Amino acid sequence: MRVGGPGSCVRSAQSREELIALATELWRDGEPWLLLGGGSNTVVHDDGYPGPVLLVRTSGIDEIADPELPAGQVRVRVAAGEDWDGLVATAVSRGWAGIEALSGIPGRVGAAPVQNIGAYGQELSDVLHSVEFLDAYADSPRRLSAAELELGYRDSVIKQGREGVVLSVDLVLATATGAAVRRGRHGASPESDADAPVAAPVAPVRYGQLATALGVEPGTEIPIQVMRDAVLRLRAAKGMVLDAADHDTWSCGSFFTNPIVTERFASSLPEDAPRFPVASVDLPDTVIPLDELAFGAEIAAPRPAPERMVKLSAAWLIDHAGISTGFRLPGSGAAVSSKHTLAITNRGGATAAQVAELARLIVQRVQQEFGVILVPEPNLYGLEL
């Protein structure tokens with residue numbers, strides 16, 4: 001966003017060993033410090049960060065032998081400091097399918113599992129095998145499986161507070177010519193017709209807007225290079241691909257996550273409010289106080305049925321709360337993107353305080369209008385909404 005002050009001391013780790021050594025040293029010192037990848041999803045106070053900042057600049061993309069994988073899949077180990085979109089470009093060029101719809105997302109690979117990045121029908125959780133993770137104050141790194149990370153919608157145990165450093169990320173991608181990459185808990189599961197090979201791996205279009213842009217029906221399988229090119233065009237049209245001359249791209253991308261609410265609550269919203277079904281959640285067991293049991297209350301109370309959940313569109317909520325594209329407060333250098341309402345942008349000379357002020361106003365308007373509290377997606381340091 002090009003706002004915020006400096007770090008008191010900025011250090012850079014160029015190798016896995018240096019990253020481990022510097023992180024261990026900083027933990028040993030006992031003072032707060034900031035681990036930073038690309039900084040694309042970060043807003044820091046105008047006074048800067050008071051402690052040391054460690055930049056992750058490690059590199060390496062390697063195939064890993066894994067005899068447990070079926071034919072047509074490859075396990076790829078990527079250093080945390082690799083540029084994410086650079087990885088996607090490499091994967092597409094090598095015919096590795098499964099992350100092409102995640103093209104154009106800024107930042108470093110190590111941050112991807114923290115946020116469980118997703119876009120246009122794909123999520124990192126679809127292909128994540130594991131990460132190498134250095135827990136805070138631990139003697140050595142360990143490998144965490146995708147299941148151990150408890151990945152959810154833009155969420156993980158790391159984001160929820162497990163302190164440590166991602167050193168590398170292992171992905172399972174499809175390699176077979178003509179592979180149809182399908183969503184799966186443990187990664188891609190390719191299927192191909194050996195009698196009718198095509199020139200390059202293909203993947204199904206899972207997102208309606210992407211299908212419309214390509215002029216195909218959802219579920220149609222297309223070459224992964226075609227999908228990458230289409231996603232980059234769509235992101236650029238929304239100001240989501242960095243262009244120094246376009247202030248709409250001076251942003252953190254989507255500033256708020258799409259709220260997930262119960263279907264019951266969503267029914268109170270206007271009929272035209274977009275709703276997308278998500279996995280249900282179990283309600284907690286009924287608790288019966290001991291004094292009630294003494295008077296003959298039933299111990300085996302019936303368990304409530306799982307709540308049906310839906311995901312709302314934060315952009316729709318913002319727009320219908322009276323915040324339109326281009327909106328800005330008088331005298332502020334921060335404004336809502338001129339291309340869509342989900343991004344807060346720096347129009348030139350904005351301060352972090354102005355970004356936070358605008359974000360607070362948006363949260364208040366949406367809460368007043370719809371009773372929904374929007375949650376910021378970027379990491380905020382020294383700032384509160």
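Here the Gaussian network model covers the chain, with springs between Cα atoms less than 10 Å apart; of PHE255, PHE265, PHE327, PHE265 fluctuates the most.
If each DSSP helix of 4+ residues adds -39,500 (n - 2.57) and the sum is divided by the residues in the chain, what number results at 222 nm, nearest 500 deg cm²/dmol? Intermediate results must be reported in sequence, preceding the final value.
Working: 9 runs with 84 residues, N = 385.
The helix contribution divided over the chain gives -6000 deg cm²/dmol.
Using only Cα coordinates, the Kirkwood hydrodynamic radius of segment 302-351 works out to 12.9 Å. Largest mean-square fluctuation among VAL172, VAL43, VAL372, in a Gaussian network model of the chain whose springs join Cα atoms under 10 Å apart, belongs to VAL372. GNM on the chain, alpha-carbon springs under 10 angstrom: the most fluctuating residue among GLN225, GLN209, GLN354 is GLN209.
By DSSP, the beta bridges lying fully in the chain are antiparallel in about 75 percent of cases. Each principal axis of the Cα cloud of segment 1-146 was taken in turn, and the coordinate range along them, longest first, works out to 51, 36, 21 Å. A convex hull fitted to the Cα coordinates of segment 7-56 yields 68 cubic angstrom per residue. At full extension, SER12 and ASP47 could sit 10.5 nm farther apart than now, given 0.36 nm per residue minus the alpha carbon distance.
Residue-normalised convex hull volume from the C-alpha trace of segment 61-237: 110 Å³ per residue. Of interest is the spacing of the C-alpha centroids, which for segment 80-140 and segment 303-336 amounts to 27 Å.
Any read-out appearing in this document is the output of simple, stated calculations on the displayed coordinates, not a laboratory observation. Predicted, not measured: the structure shown is a model, and the values here were computed from it.
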